[in-house]
Amino acid sequence: MQYKVLVQQPSEQHFTASIFGLSNIVADGKTEEEAIAKIKAALSSQLETTKFVTIELESDTQIESGSTKDEIDPWMKYAGVFADDPTFDNFLEEVSAYRQQVDEKLIT
């Protein structure tokens, strides 16, 4: 597996390395190579006792204190309403043409 490592140099002889997305794993070293070697060892040690799992939330799951996803973002109930509309592409072309006309009038 590959992991992205963020290497920083806060001072001339001090490097820190951290795994992108896993902020609890950090290593220090006097050189960049030492910091990377230490972060690799720390990640390896952590992965011996942990695992990654994927979870999925149902669309009607309560998100925050009894609120549904649609209550948090009320626009979501309109997402995809034009997915099967055969005239929608034409509508977008008309909107684009109108915007271009307005832009041209503003420039002149």
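Values quoted throughout were computed directly from the atomic coordinates according to the rules given, and no laboratory measurement underlies them. All values derive from a computational prediction rather than experimental measurement. FYI the Cβ positions are ideal-geometry reconstructions off the backbone, even for glycines, and counts take in every protein chain you see.
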Over the chain, with a Gaussian network built from C-alpha contacts below 10 Å, which listed residue (Ser23, Ser45, Ser96) shows the highest mean-square fluctuation? Ser96
For the chain, the longest stretch holding no GluC sites (Glu not before Pro) located in a DSSP loop with at most 12 other Cβ atoms within 10 Å is which? 59-108
Which value, in debye to the nearest 20, describes the size of the charge dipole of the chain about its Cα centre when Lys and Arg Cβ atoms bear +1, Asp and Glu Cβ atoms bear -1, and nothing else is charged? 640
When the dipole is taken about the Cα centre of the stretch 5-48, and only Lys, Arg (+1) and Asp, Glu (-1) are charged at their Cβ, what size is it in debye, to the nearest 20? 100
Any idea which of Ala35, Met76, Thr87 is furthest toward the positive side of the dipole for the chain, if Lys and Arg beta-carbons carry +1 and Asp and Glu beta-carbons -1? Ala35
With bins 10 Å wide starting at 0, give me the P(r) of the chain over every alpha carbon pair, in whole percents. 11, 20, 14, 17, 20, 16, 1
Give me the net charge for the shell around Gln46: Cβ to Cβ below 15 angstrom, other residues only, Lys and Arg +1, Asp and Glu -1. +2
What distance in nm separates the simple spin-label points at Gln8 and Asp28, each placed 7 Å from Cα in the Cβ direction? 1.3
Fully extended, how many nm does the chain gain between Gln100 and Met1 (0.36 nm per residue separation, minus their Cα-Cα distance)? 30.8 nm
Quote the FRET efficiency, to the nearest 0.05, computed for Trp75 versus Phe20 with a Förster distance R0 of 35 Å and r equal to the Cβ-Cβ distance. 0.70
Suppose we flag chymotrypsin sites (Phe, Trp or Tyr not before Pro) only when DSSP calls them loop and at most 13 other Cβ atoms lie within 10 Å. Which is the longest uninterrupted stretch of the chain? 21-51
Among residues other than Lys30 whose Cβ falls under 14 Å from its Cβ, what is the net charge (Lys/Arg +1, Asp/Glu -1)? -4
Rounded to 0.05, the calculated FRET efficiency for the beta carbons of Thr87 and Thr54 at R₀ = 30 Å is 0.20
Does anyone have the angle between helix 88-107 and the longest principal axis of the chain? Alpha-carbon axes, 0 to 90°, nearest 10? 90
For the stretch 38-45, Karplus couplings with θ = phi - 60° (6.51, -1.76, 1.60), whole Hz, Gly/Pro x: 5, 5, 5, 5, 5, 5, 4, 4
